[in-house]
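A short write-up of the structure that comes next.
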Ligand SMILES: NC(=O)c1ccc[n+]([C@@H]2O[C@H](COP(=O)([O-])OP(=O)(O)OC[C@H]3O[C@@H](n4cnc5c(N)ncnc54)[C@H](O)[C@@H]3O)[C@@H](O)[C@H]2O)c1
């Protein structure tokens, strides 16, 4: 039976939902498995994923079995599968670097990170753990703003030949220098910044595209988000948000024929409301003009449990990263990154990215879409032609994975 050996960096709420899900779907059948885009990908069901290594820095998680750590404070996401059996994998102390923002110390322990008093590993230590555990895919779930820490773990993944799924807005897959390093090493990469199942970003993108397709000129828009988990608490430090704002704003701008000027688009995390826990609320407002220059506006309120919403995407990204690895495909996976992530190497309309994902799963090399959609300096999308042209430019075997 083929399995997927998974390593986690950050055993927070998103990791909790993912690990619960791996167990939750164990007894399901394709017909009663709710909440998945794919029951099976390349022969792998969700429960074929096994956690073989995990790193965190919180005293209440380090040294615990992963099955216990996912329910330790300050995690506060919905428990939809309380009886996750012991994994036999102990959460190891990670390298702190810039993972924990100073302002987190101003909040009570049940709400914030408490850094463990354990020796931090070197790069060689982390690479050794990845190699010895047999990890094939590493998922990065660090807090927003963990620039150095993300680069540290990405470096470890590269050296160990482990595929990297980057769920956070630190640019790795969408940074050409990093992308080239993964491509040269033949290591698959999916990133950056998870675009949740039905979250604020995908909803805002779909509506922006709807306005454009129906001839409505969008003049102004905002997307205000707030929640009560450590992700929102961490994001109260505005200095950590630069790449998050770029990632979320570009994801919407890319759907518009003409980009909005900076003062007419406001998208970002807005506040922290402790009692909301992992519930996230987003308010979206869009003001536009339709036939005859006549104004219209749309108001939307979305309420969703944040972490299962992201796990529903990561459960597919992991399986696709594994397939790429088996097929010897290295570098950023263009279609999957565009479908699963807010800030991919190439922004594509979601319907096209989805087709590329399906084709990749079916074993076709990743197509270069003839639909040329490039971001200009302001982040606007330019579409040339719709359709596929499938040269072997990407996705054929580059370098075989050296392991
Ligand atoms: N829908 C979503 O939930 C969603 C969507 C897009 C992106 N993301 C991003 O995914 C990431 C994870 O989200 P989350 O809700 O699980 O966050 P979280 O705050 O619950 O978890 C972060 C974990 O990282 C640990 N950590 C901090 N520094 C570390 C280090 N240096 N090494 C190892 N571990 C460290 C913390 O102790 C904590 O357990 C965040 O950056 C978030 O913005 C989430």
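Please verify whether residue 327 is over 23 Å from residue 81 (Cβ atoms) and either under 11 Å from the mean Cα position of the chain (by Cα) or assigned by TED's automatic domain parsing to the domain that holds residue 189 (or both), treating the condition exactly as stated.
yes
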### Query
Which of the residues that make up the stretch 124-150 are more than 13 Å from the ligand (Cβ to nearest atom), in contact with a helix residue (DSSP H, G or I) (Cβ under 6 Å, 6 or more places away or on another chain) and more than 20 Å from residue 6 (Cβ to Cβ)?
none
### Message
Looking at 19, 51, 11 in this structure, which one is assigned to a strand (DSSP E or B), assigned by TED's automatic domain parsing to the domain that holds residue 75 and either crowded, with 17+ Cβ neighbours inside 10 Å or modelled with pLDDT under 95 (or both)?
### Response
51
## Note on the structure
Scanning the stretch 217-241 for residues that are buried (at least 19 other Cβ atoms within 10 Å of the Cβ) and more than 16 Å from the ligand (Cβ to nearest atom), the one farthest from residue 99 (Cα to Cα) turns out to be 218
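Kindly establish whether residue 295 is within 18 Å of the chain's Cα centre (by Cα), on the phi < 0 side of the Ramachandran plot and not in a loop (DSSP other than H, G, I, E, B). Give the steps one after another, and end with the answer.
On the way: within 18 Å of the chain's Cα centre (by Cα): no; on the phi < 0 side of the Ramachandran plot: yes; not in a loop (DSSP other than H, G, I, E, B): yes.
In short, no.
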### Query
Can you name the residue in the stretch 54-64 that is surrounded by fewer than 23 Cβ atoms within 10 Å (Cβ to Cβ) and within 12 Å of the ligand (Cβ to nearest atom) and is also farthest from residue 22 (Cα to Cα) among such residues?
59
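Does residue 320 count as under 29 Å from residue 104 (Cβ atoms) and either crowded, with 21+ Cβ neighbours inside 10 Å or assigned by TED's automatic domain parsing to the domain that holds residue 36 (or both)? Give the steps one after another, and end with the answer.
Values: under 29 Å from residue 104 (Cβ atoms): no; either crowded, with 21+ Cβ neighbours inside 10 Å or assigned by TED's automatic domain parsing to the domain that holds residue 36 (or both): yes.
No; evaluated as a whole, the condition is false for this residue.
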### Query
Given (1) within 16 Å of the ligand (Cβ to nearest atom); (2) over 24 Å from residue 120 (Cβ atoms), where does residue 186 come up short, assuming only one miss?
(1)
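Every residue, every condition in (1) within 15 Å of residue 223 (Cα to Cα); (2) part of a helix (DSSP H, G or I), yes or no:
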{"site": "281", "(1), (2)": "yes, no"}
{"site": "286", "(1), (2)": "yes, no"}
{"site": "301", "(1), (2)": "yes, no"}
{"site": "314", "(1), (2)": "no, yes"}
{"site": "320", "(1), (2)": "no, yes"}
{"site": "329", "(1), (2)": "no, no"}
{"site": "335", "(1), (2)": "no, yes"}
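The values are calculated or read from the model by the stated rules, or taken from the named source; none is laboratory data. What you are looking at is a predicted structure, and each value in this text was computed from that prediction instead of being measured. Here Cβ is always computed from backbone atoms with ideal geometry, including for glycine, and neighbour counts include all displayed protein chains.
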